[in-house]
Amino acid sequence: MIPVLAEAAREVDGAVRRPPTRPATRTKFQVVALLMREERTRVREDGTLTEPQRAKQLKQLDAVGTLLAKIAARDTSLLELLAEDARVSDAARELKATMMRAGGLEPPEEPPPAPPAPPSPGAEKQVVPRSVISRQLANPFLAPDFSAAAERQAPRARLLAGWELLEPLFRSFEHAGPGAPACMPLPEPRSLSAAHGGKLMRHQAQVVEATARGHRTFLLADEPGLGKSAQALLAAQAADAYPLLVVAPNVVKTNWAHEVELWTPRRRSTVVHGDGERVDGFADVVIVNYELLDRHVGWLGDLGFRGMVVDEAHFIKNKGSQRSQHVLALSERIRARAGRPLLMALTGTPLINDIEDFRAIWQYLGWIDDAKPLGPLMTALEDAGLTPADPGFYAAARTSVIDMGIVRRRKADVVADIPARRVADMPVELDGAAGRSIRAAEEALASRLVDRYRSAVAARAESTVVDDVVVDGVDLDLARRVAAAELKDSSSKAKGDNVFTMVRRIGQAKAGLAADYAAQLARNVGKVVFFAKHVDVMDQAEQTFADRGIGYASIRGDQTPRVREKNIAAFTDDPDVSIVVCSLTAAGVGLNLQVASNLVLAELSWTYAEQTQAIDRIHRIGQSEPVTAWRIIAAQTIDSTIAALIDSKSDLAARALDGAGDEDAASSTDVQLEALVALLTEALDAEGVA
């Protein structure tokens with residue numbers, strides 16, 4: 001056997017001297033190395049050999065090994081073929097059997113092929129929407145990205161070969177930092193203007209600028225309220241990372257579609273619901289929630305994404321969970337195909353229980369795998385010239401990871417960028433039976449208004465009074481009279497839903513989604529104030545918090561002053577009480593809750609003043625941080641119209657109190673009336689009323 005190995009090694013040596021090294025040569029090198037190891041073991045254990053014979057054969061094998069080492073020194077890429085876990089191809093197995101027979105040995109029988117792997121959990125649920133099939137048929141070929149192969153080549157460990165590195169990397173973040181949040185160096189932005197004309201804050205523009213300069217992986221851990229979604233979408237635009245996949249919690253996926261329209265209006269988004277019947281397979285941005293990944297992971301992995309954003313990325317901290325495995329699998333397929341995709345993990349709280357919570361996020365970003373650092377991170381650790389035994393390793397390792405793309409800014413760090421207080425709308429989709437029922441009731445209300453309007457138009461046409469006024473389109477004066485009549489009837493016990501019962505039902509349907517979002521905020525920022533108008537909405541929210549083990553206090557109108565003060569004290573003083581659930585009318589005045597800087601408005605008020613009073617419970621003297629009010633709005637319902645009308649009242653307040661103008665504001669003082677007018681005019685426009 002030894003002469004056969006020696007001859008094959010000389011052939012490999014000759015071939016490597018004439019680069020490039022071809023695949024057949026690499027295969028022969030690997031087979032010679034494998035057979036040399038096996039032959040060395042056989043010689044040592046062969047009891048029929050005398051000691052001189054054994055020593056002679058081992059010396060000959062050492063000569064073959066020395067030649068292989070010289071060959072690997074000429075082409076160091078061959079070293080990876082010697083790893084214990086190196087893949088042995090079918091061609092290598094065939095060559096090995098041939099060489100063994102040439103050396104007088106009988107190759108062992110090949111084990112029977114392994115049975116096919118069982119389908120992954122949930123595979124029977126997987127679907128492929130029709131529009132996705134249409135996209136694949138329209139363009140079955142993806143543009144090749146030859147940078148992928150180079151990006152996947154792992155650097156060769158030199159100084160750190162053999163060291164366990166992942167645990168020291170995690171531990172490096174337990175050592176005290178330099179007194180500032182962990183944040184990579186960010187460039188100064190060249191502009192604060194978005195492509196569509198919108199304005200960015202400086203801290204947002206820095207991330208977009210870093211992306212434009214070539215950075216492609218980010219753990220964006222800014223505190224809530226600093227505009228992470230805008231940064232992610234504009235970074236995708238800067239990197240041309242389309243199509244882009246966004247994985248988000250169910251409560252915010254509709255808001256992502258809203259943000260796409262706001263920040264990148266030239267890009268089309270699609271939101272995946274249920275089995276994806278309404279998915280637009282040709283969209284630039286595909287938005288899916290974690291719970292639906294098991295149904296859609298198949299086609300999502302094949303669509304050819306060049307970027308991926310995972311919102312609330314702490315959801316994947318448990319690598320054993322199915323949603324985490326789906327996210328990691330999608331990331332791996334995107335990295336394998338795109339080479340340098342844009343990968344962003346968004347979370348205000350990357351660490352919840354343990355430093356190990358970093359593991360899944362870093363793996364999603366492609367910084368590590370299950371066993372070791374990868375690519376640029378490994379190169380940075382090698383370049384530092386330190387091992388885990390050296391005193392300076394932990395500080396250098398922490399810096400190396402941060403420079404991979406950790407971005408952390410607190411409100412206090414960018415206070416000059418953001419307004420003292422702002423209202424951020426959070427659109428949510430009302431799914432299921434409740435959503436269908438509300439939409440049907442709204443259509444019935446609109447139909448009733450249209451019937452009233454048409455009856456009024458017909459009555460006016462039959463009138464003997466001559467009317468010289470010709471109305472082009474919808475007669476707004478008549479529409480207001482119709483709306484006023486509807487409001488008058490709404491105060492009685494007329495049959496059918498009216499504007500008040502509609503808003504009440506929408507508030508009930510939003511309760512669980514609003515509580516979900518408040519729970520996420522509480523995990524990210526600590527104290528949160530939750531406002532609702534109705535007792536049943538408060539009850540549902542409190543039940544959600546109790547089910548999730550989140551401490552809460554409650555402030556309601558039927559409480560005695562003593563109970564009220566006790567609950568306020570629990571929220572302000574007890575670190576285990578993260579949320580206070582407040583009645584919008586009972587807690588809208590006379591409270592100091594500035595221990596929080598975030599509040600959730602689960603239901604809309606009918607007045608701008610009532611909304612402002614709620615925000616003022618935390619935006620008051622003693623508040624040291626900018627305040628954000630997250631207003632939960634049911635998309636594609638009258639809720640959106642009411643929110644816009646409430647916002648118009650801020651202009652009214654400016655005119656009335658600050659002397660900003662003398663415009664006539666009387667026509668927008670009645671939100672209920674204007675909401676009905678808007679519902680009626682939209683219905684008439686849809687019917688083409690001229």
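The values are calculated or read from the model by the stated rules, or taken from the named source; none is laboratory data. The structure displayed is predicted, hence computed values, not measured ones. Here Cβ is always computed from backbone atoms with ideal geometry, including for glycine, and neighbour counts include all displayed protein chains.
Just a few scattered comments:
- Only a single criterion out of (1) in contact with a strand residue (DSSP E or B) (Cβ under 6 Å, 6 or more places away or on another chain); (2) in contact (Cβ under 8 Å) with a residue 40 or more places away in the chain; (3) under 21 Å from Val525 (Cα atoms) is not satisfied by Glu625, namely (1).
- Checking the stated criteria, Glu277 turns out not to satisfy the condition of being surrounded by fewer than 23 Cβ atoms within 10 Å (Cβ to Cβ), modelled with pLDDT under 95, closer than 23 Å to Arg333 by Cα and out of contact with any Phe, Trp or Tyr (no Cβ under 8 Å at 6 or more places or on another chain).
- Members of the range 597-626 that are surrounded by 24 or more Cβ atoms within 10 Å (Cβ to Cβ) and touching a helix residue (DSSP H, G or I) at 6+ places or on another chain (Cβ under 8 Å): Ser597, Asn598, Leu599, Val600, Leu601, Ala602, Leu604, Gln611
- Scanning the range 549-565 for residues that are charged (D, E, K, R) and surrounded by 13 or more Cβ atoms within 10 Å (Cβ to Cβ) yields Arg556, Arg564.
- Taken over the range 543-571, residues that are in contact (Cβ under 8 Å) with a residue 24 or more places away in the chain and of a type in the set (Val, Ile, Thr) amount to 4.
- Some residue of the range 392-406 being free of Cβ contacts under 8 Å to residues at least 12 places away in the same chain and within 25 Å of the chain's Cα centre (by Cα): yes
- Listed by position, the strands (runs of 3 or more DSSP E) inside the range 223-329 whose residues that are under 13 Å from the mean Cα position of the chain (by Cα) and within 20 Å of Ile133 (Cβ to Cβ) number at least 2 are 285-289.
- Inter-residue pairs, beta-carbon under 7 Å, first within 15 Å of Thr501 (Cβ to Cβ) and in the range 425-439, second in a helix (DSSP H, G or I) and among the aliphatic types (A, V, I, L, M), 6+ apart: Ala434/Ala509; Ile438/Ile506; Ile438/Ala509
- The condition (being hydrophobic (A, V, I, L, M, F, W, C), under 26 Å from Ala371 (Cβ atoms) and free of Cβ contacts under 8 Å to residues at least 60 places away in the same chain) is satisfied by just one residue among Leu58, Leu49, Leu34, Leu81: Leu81.
- Single residue of the range 301-330 satisfying the filter (surrounded by fewer than 20 Cβ atoms within 10 Å (Cβ to Cβ) and basic (Lys, Arg)) that is nearest to Ile406 (Cα to Cα): Lys319
- Qualifying residue in the range 431-440 (condition: buried (at least 19 other Cβ atoms within 10 Å of the Cβ) and outside the structural domain of Gly225 (by TED's automatic domain parsing)): yes
- Checking Val414, Val407, Val423, Val401 one by one, the residue that is of a type in the set (Val, Ile, Thr), under 20 Å from Pro185 (Cα atoms) and in contact with a Ser or Thr (Cβ under 9 Å, 6 or more places away or on another chain) is Val401 and no other.
- Subset of the range 339-358 (residues that are buried (at least 21 other Cβ atoms within 10 Å of the Cβ) and out of contact with any Pro (no Cβ under 9 Å at 6 or more places or on another chain)): Pro341, Leu342, Leu343, Met344, Ala345, Leu346, Thr347, Pro350
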